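The values are calculated or read from the model by the stated rules, or taken from the named source; none is laboratory data. Predicted model only: the values in this text are computed from it and were never measured. Because the Cβ atoms are built from the backbone with ideal geometry, glycine has one as well, and the counts that use them run over all protein chains shown. Heavy atoms of the whole protein, side chains included, go into the accessibility calculation; ligands, DNA and RNA do not. Shrake-Rupley method; radii C 1.70, N 1.55, O 1.52, S 1.80 Å.
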Amino acid sequence: MPFDPHPPGSDRLAGRRAIGVWLLIVAGLTWAMVALGGATRLTGSGLSIMEWAPLSGALPPLSEAEWQRLYDLYRTIPQYALVNQGFGIEGFKQIFWLEWTHRLWGRMIGLAFLLPLVWFWLRGRIPPGLKPRLVVLFLLGGLQGAVGWFMVASGFEADRTAVSPYRLVVHLGLALLLYGAILWTALGLLRPQRSGPRAPAGLRRLVHATAGLVVLTLLAGGFVAGLHAGFTYNTFPLMDGALVPPGYAQLSPFWRNWVANIAAVQFNHRLLATLAGAAALAAAIWGARALPAGFARGALLALGGTVALQYVLGVATLLLVVPVWLGTLHQAVAVGVLTAVLVAMHALRPPRNSTT
């Protein structure tokens, strides 16, 4: 009847949806944070703030004396002496504002997570089994801030003009882990029922393999960024006239080539991107043929399209020698690829009690 009470469980369902939407918003803010991080790195802005002040650092310099103090601090590190010497306080302000915005955005994400979490918790809107996960996600966000400073501090060491590639990859990897966990949790709240079509088990395995390749490609891209490997071998598909570049295995032990050899790092990123792209396109074609129209089929088609776009952007970024705007877009769309593969995995979850 029109005036009957809401069906049992409808309030709980509404609460789950509200929490899911909130987490999607946080995931979107995190996505933007990763893009901002790319711009900060590409402009060399990340070392402009030499203090970690989680609270007081939320305010920018409010006087010329404070600007001068921060500029004098910056002039003590190798990046100033070897890269930016003499660019003046106005040049310092240009790189300072991007790094300050990046850190402010991180603080905003913390508040955007904590305040609604407290509100939902106090009102009893959070399902009991979800509380530990949300607390862990919040703690991971705090850890990411500490890891970010740990990364930045490596750039102050003698003879360094940029941060450690290893710490950069840890920072990027944790950001992607946090983003993926938030997104997956939101999807579980917004689409809790496994009511999609029965997909072939081989298709699900292919999508899972694609996800693994995507993650490896993203982490390899972190080493490309950390070593500035994108500024060399700016041809495609060959590298210095060869498919496998000369000097691929010049470091010993061999595994060091994968993290410290520019030729090997860039080749590995290209190879992994190609494998991930081929797997994603195969999954999209298979899904288009095997699945009926609906969310799961659309998710696979979106995965194929997003990966294709990212591959084109990667080649363009390389050929144009990494312009800041294009490098930033490439990093932002990388998160789009991760999003697409996670949504596809979620959409293809087998129905409960299914044996396929």
Label-point separation, W121 to A209 (7 Å along Cα→Cβ), nm: 4.3
State the percent of C-alpha pairs, over all pairs in region 244-331, separated by a distance greater than 19 angstrom. 54
Accessible area per residue in Å² at 1.4 Å probe, computed on the chain: 50
Want the number for K93 to A290: 0.36 nm per residue separation, take away the alpha-carbon distance, what's left? 65.4 nm
Note: A249 to L190 extended length (0.36 nm per residue) minus current alpha-carbon separation gives 16.5 nm
If I take R0 = 51 Å and measure r between the Cβ atoms of A18 and A153 in this structure, what FRET efficiency does the formula 1/(1 + (r/R0)^6) give, to the nearest 0.05? 0.85
Calculate one ³J(HN,Hα) per residue across region 13-20 by plugging θ = phi - 60° into the Karplus curve 6.51 cos²θ - 1.76 cosθ + 1.60, and present them in order as whole Hz with x for glycine and proline. 5, 4, x, 4, 5, 5, 5, x
Between region 180-232 and region 57-95, what is the separation of their alpha carbon centroids in Å? 39
What 222 nm value per residue comes from the helices of the chain, counting each DSSP H run with n ≥ 4 as -39,500 (n - 2.57) and dividing by all residues, nearest 500 deg cm²/dmol? -23500 deg cm²/dmol
Percent carbon-and-sulfur accessible area, the chain, ignoring ligands, DNA and RNA, probe 1.4 Å: 69
Evaluate the chain: find the radius of gyration of its Cα atoms, find its Kirkwood radius, and give the ratio Rg to Rh. 1.02
Heavy atoms only, 1.4 Å probe, whole protein assembly: order H228, H269 by accessible area, highest first. H228, H269
Measure off 7 Å from each Cα along the Cα-to-Cβ vector at S63 and W258, then give the distance between these two points in nanometres to one decimal. 5.4
For the chain, longest principal axis from Cα atoms; helix 201-226 axis from its Cα atoms; angle between them, nearest 10 degrees, is 20
